[in-house]
Amino acid sequence: MPALVLLGAQWGDEGKGKATDLLGGSVDYVVRYQGGNNAGHTVVVGDQKYALHLLPSGILSPGCTPVIGNGVVVDPSVLLSELSGLNERGVDTSKLLISGNAHVITPYNVTVDKVTERFLGKRKIGTTGRGIGPTYADKINRVGIRVQDLYDESILTQKVEAALDVKNQLLTKLYNRRAIAVDQVVEELLGYAEQIKPYVTDTVLVLNQALEEDKVVLFEGGQGTLLDIDHGTYPFVTSSNPTAGGACTGAGVGPTKISRVIGILKAYTTRVGAGPFPTELFDEDGEALRRIGGERGVTTGRDRRCGWFDAVIARYATRVNGLTDFFLTKLDVLTGWEQIPVCVAYEIDGKRVEELPYSQTDFHHAKPVYETLPGWSEDITKAKSFSDLPKNAQNYVKALEEMSGAPISAIGVGPGRDETIEINSFL
Ligand code: GDP
Ligand code: IMO
Ligand code: MG
């Protein structure tokens, strides 16, 4: 059973970085399959804290080969600065592999992301401004630049010309900005090419050969299920497929190879950027979750919107990803509440609804129906097994498991690698 997918079951920031890092010591490859440096994954190892954006969290485990798959969008300047930042801290990054088919986030994609958001005004998505959407748009429009294009100057120039043709019209005529010069972009991209070259390879071949040899491969999702371009709260989503199917297309591995799909699930809910969020709190409970949970974006520094656990969303994540397990994170953050509300269904236009509505309008009107569970006040950060948890914490976990539709196989009780209760082994 060598291939596992680990992904966000909510709106991102569930603690995927910590979970991946935890498994990183026992797997051979950790693969990012979508997204780019819009991700912000915090990993705490001993007294060291790492913030990773583009690199797979497995980069911190010496025995593990980190892979950036074909479905990822790569900003070369961010890649190189992330690598040198880790090297300065003594992390060996030499094993990194990057797909030659991954698309490149160019400087004009970043510009277009920012000006589009400004142009949208009140209707903006609240993107991370990293050029993610425009780069995927170029990919789908077949005017994208791939990593392999950096090694053929003539092809690169032609492709940048094609991509800028329409964009410069938009920038100058609609957005009132200066045109971007083709040769400047080409020169900048060529400047990165040689530094990246040692990592670039046919990752699809490498990963499939590894699976044939029974090596353990972990696919690490960025963002989360509700930010998925197909299955999320469109249009308030990211421009890729963080859901389990994305691991197959974004890494070139067939679905028959995937043996386990682990959903990372926060014990409450957060969201960054715009879009509907039924259990969002605007009172002191929301403020307390933000403060105690340290809910501030790793990438943008924005405060995260906070709310109670939403079982409707968790059930949906189980369904669209075919989840086999949950990894419940941040249970420790809920310590101290006498009562903890959990959203078990929605009320939409006076009717109780048990499952996520497909209609955007209905979801915008969804009001949470809460059940309240008794809380606990004991410190749980030292708990090593399920039975170490106070009875009410155990009951909270069991209730969430029942409502969410897949077994909770691990529980996070603190940010550190060792602050985890393992219930069922993932490997
Ligand atoms: P990711 O984007 O899914 O990797 O998550 P982020 O790193 O953006 O946000 C999760 C935050 O919660 C990070 O600061 C982690 O260090 C922290 N964290 C992860 N698991 C736990 C946990 O079980 N308890 C606590 N208190 N913090 C956690
Ligand atoms: P990790 O991997 C939370 C959100 C942005 C915005 C929307 C679109 O750390 O969980 P984009 O720049 O992707 O076009 O922005 O998606 N978003 C995230 N929210 N965690 C993330 O990543 C996110 N990556 C993007 O805030 O609402
Ligand atoms: Mg994050």
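The values are calculated or read from the model by the stated rules, or taken from the named source; none is laboratory data. All values reported here derive from a predicted model rather than from experimental measurement. A quick note on method: Cβ atoms are made from the backbone with ideal geometry, for glycine too, and the neighbour counts reach across all protein chains shown. We work out accessible area using only protein heavy atoms, side chains counted, and drop any ligands, DNA or RNA first. Shrake-Rupley method; radii C 1.70, N 1.55, O 1.52, S 1.80 Å.
For the range 119-201, state which trypsin sites (Lys or Arg not before Pro) are in a DSSP loop and have at most 10 other beta carbons lying within 10 Å of their beta carbon. Those satisfying the criteria are ARG142, ARG178. Karplus-based coupling profile of the range 156-166, in residue order and whole Hz: 4, 4, 4, 6, 5, 4, 4, 5, 7, 3, 6, with θ = phi - 60° in 6.51 cos²θ - 1.76 cosθ + 1.60 and x standing for Gly or Pro.
Once the Cα-Cα distance is subtracted from the 0.36 nm per residue extended length, the ARG118 to ASN141 segment shows a gain of 6.0 nm. Placing unit charges on the Cβ atoms only, positive for Lys and Arg and negative for Asp and Glu, gives the chain a dipole magnitude near 840 debye about its Cα centre.
Filter the trypsin sites (Lys or Arg not before Pro) in the range 78-121 down to the DSSP loop ones having no more than 15 other Cβ atoms within 10 Å, then list what survives.
Working: sites: ARG89, LYS95, LYS114, ARG118; in loops: ARG89, LYS95.
Qualifying residues, ordered by number: ARG89, LYS95.
Computed FRET efficiency, Cβ-Cβ of TYR151 and ASP283, R0 60 Å: what is it to the nearest 0.05?
The formula returns an efficiency of 0.60 here.
Exposed loop sites, defined as chymotrypsin sites (Phe, Trp or Tyr not before Pro) outside DSSP H, G, I, E and B with at most 13 other Cβ atoms within 10 Å, are absent from the longest region of the chain, namely 1-281. Probing with 1.4 Å while keeping every protein chain in the model, the per residue accessible area of the chain equals 42 Å². Across the chain, where is the longest run that never hits GluC sites (Glu not before Pro) in a DSSP loop with at most 16 other C-beta atoms within 10 Å? In the chain, the maximal stretch lacking such sites is 1-212. Relative contact order of the chain: 20 percent, from C-alpha pairs under 8 Å at least 6 residues apart in sequence.
Let's see if you can work this out: charge +1 on each Lys and Arg Cβ, -1 on each Asp and Glu Cβ, no other charges. What is the dipole magnitude of the range 103-198 about its Cα centre, in debye to the nearest 20? It would help to have the intermediate numbers written out before the result.
On the way: 15 positive and 12 negative charges, 164 e Å.
Around 780 debye, computed over the range 103-198.
May I ask you to work out the translational diffusion coefficient for the range 103-198 at 20 °C, viscosity 1.002 mPa s, via Stokes-Einstein with Rh from the Kirkwood sum over Cα pairs, reported in whole µm²/s? Answer from the Stokes-Einstein relation: 155 µm²/s. Put simply, the Cα atoms of the chain extend 66, 50, 39 Å along their principal axes, the longest span coming first.
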